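Below you'll find the structure, written out as structure tokens, and then a few comments.
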Amino acid sequence: MLKDIATLPKGFWLISVMAILENISSQAYRPLVPQLAVKQGMSGAAIGTLFALAGIVPVIMALPIGASINRLGIKRVLALGAIARGTASLVLVFAPSFVLMLISLTISSGSLLLVEVGQQAYIASLGKGRDLERNFGWFTFVMGIGMVVGPLFSGIISDVFGFKWAFLMAGLVSFVALAAIGLLDEPSKGETRTASVMQDLMRACGPLIAKAGILSAVLLVVFLYFGLGAWEIYLPALLAERKFTSTQIGFVVSSFTFATMVARPLLSAGTDLMGRQRLAVVGLGLGAVSLAAVPAMNAVPVLVLAAVGCGIGRGILPLISLVTISDQTTREDRSIALSLRMMAIRFESMIHPMVYGAMAGLAGTGATFTLAGALMATSAAWFYVSKTARVGLRRLEVADE
């Protein structure tokens, strides 16, 4: 497996440096927002509403951004994302309020859309089939360095210097990533051009959605992220209610991210062993058990175990989705297919905060994890019995031209 590293191209390493910096910034930022909301006296329902409202713009913009990549180029899309990501953090350096947090989260959500679609399109341009699994696996592994560092980075800074300094540093790191973006070579663009972005979408979307592979790939990440939404939003809030320090919360979040990172390079081996469909079922099952157990956990070591269980699924399942889409589409349609996937993720990110927010308001924060575990277990069962998933998640290589 380590021999694969020597064959990775220069562009892979430049996009990886950019991804490390962007993930330090975003992962430093994300755990701070729920903690800041708790400090401001917001209820669980209010926190859920905050995250749901912030997801509206990315849902609307996902498909146009994907269709625009062939026209704008990947480098411009990545640069716009880095600038927006830094700006989102700097907004909360000023006096925080519900409105400012909403503005900041909205900008942050939009920036993640730009950065993620751009990164995925760039990596997808470097290979197909098993090579694609290798490239995505190692890319997300290297990218995970930033995801591990980010929560600890912000936790330590906020404990020592306060929230303002943590948001400031998170923003500045994103601007540094522009240097790596500037050194990237622009991949060749798709050759299919119509008169407008809207015509590109009308031409491609219907046939893409009809493919079993695209449908299965999209449903997989929607089910996964809906379940893990309870972890992302309410774990920091739950632990803050139980008087854990920001550093302890950051350590648990980083443990989740570390497990995510370590699992990613194992994608090809796991697919060789059991196939993409069964690997998806295993990942969803681990997440279900781990989430359901969180309300009974009151110590850092057992929370770390739950973090690892959730992190394994979080590491591998999105990659199964990405490589399935990437090796079943041509260059011209790939960015649109990836944006369909991203639009579904962003739409889901609007729904789960409202569902979990209502649950938190009715039964307490801990109940959100019980609900999440039950939903993820149901998803695992569907992928186990579904013919669509069995057919759609096969490893398939197609020409890129």
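The values are calculated or read from the model by the stated rules, or taken from the named source; none is laboratory data. Values in this document were obtained by computation on a predicted structure and should not be read as measured data. All Cβ positions, glycine included, derive from the backbone under ideal geometry; neighbour counts span all protein chains shown.
Key figures
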| item | result |
| --- | --- |
| Given (1) more than 28 Å from PHE347 (Cβ to Cβ); (2) of a type in the set (Phe, Trp, Tyr); (3) part of a helix (DSSP H, G or I), number of the condition PHE136 does not satisfy | (1) |
| Residues being more than 14 Å from LEU279 (Cβ to Cβ) and surrounded by 24 or more Cβ atoms within 10 Å (Cβ to Cβ) - total across the stretch 319-328 | 2 |
| Matching residues, the stretch 31-51, being closer than 19 Å to GLU348 by Cα and surrounded by fewer than 20 Cβ atoms within 10 Å (Cβ to Cβ) | ALA45, ALA46, THR49 |
| From the options LEU102, LEU80, LEU90, residue that is within 29 Å of THR329 (Cα to Cα) and surrounded by fewer than 19 Cβ atoms within 10 Å (Cβ to Cβ) | LEU80 |
| Residue identified as surrounded by 18 or more Cβ atoms within 10 Å (Cβ to Cβ), part of a helix (DSSP H, G or I), touching a helix residue (DSSP H, G or I) at 6+ places or on another chain (Cβ under 6 Å) and at pLDDT 90 or above among ILE249, ILE312 | ILE312 |
| Members of the stretch 27-48 that are in contact with a Phe, Trp or Tyr (Cβ under 9 Å, 6 or more places away or on another chain) and of a type outside the set (Gly, Ala, Ser) | GLN27, TYR29, LEU32, VAL33, PRO34, GLN35, LEU36, LYS39, GLN40, MET42, ILE47 |
| Residue check, LEU338 without any contact (Cβ under 8 Å) to a residue 40 or more places away in the chain and among the hydrophobic types (A, V, I, L, M, F, W, C) | no |
| Positions within the stretch 191-246 being in contact with a Pro (Cβ under 6 Å, 6 or more places away or on another chain) and at pLDDT below 70, in sequence order | VAL197 |
| Check on LEU362, out of contact with any Cys (no Cβ under 6 Å at 6 or more places or on another chain) and free of Cβ contacts under 8 Å to residues at least 12 places away in the same chain | yes |
| Any hit, the stretch 19-26, residues being in contact (Cβ under 8 Å) with a residue 12 or more places away in the chain, touching a helix residue (DSSP H, G or I) at 6+ places or on another chain (Cβ under 7 Å), in a helix (DSSP H, G or I) and over 30 Å from THR329 (Cα atoms) | yes |
| Contacts under 6 angstrom Cβ, first residue in the stretch 271-288 being over 12 Å from ARG314 (Cα atoms), partner in a helix (DSSP H, G or I) and acidic (Asp, Glu), 6 or more apart | none |
| Residues of the stretch 329-380 satisfying the condition of being aliphatic (A, V, I, L, M), out of contact with any Ser or Thr (no Cβ under 6 Å at 6 or more places or on another chain) and within 23 Å of TYR122 (Cβ to Cβ) | ILE336, LEU338, LEU340, MET342, MET343, ALA344, ILE345 |
| All positions within the stretch 158-185 that are over 17 Å from PHE244 (Cβ atoms), part of a helix (DSSP H, G or I), among the aliphatic types (A, V, I, L, M) and touching a residue at least 12 places away in the same chain (Cβ under 8 Å) | LEU168, MET169, ALA170, LEU172, VAL173, VAL176, LEU178, ALA180, ILE181, LEU183 |
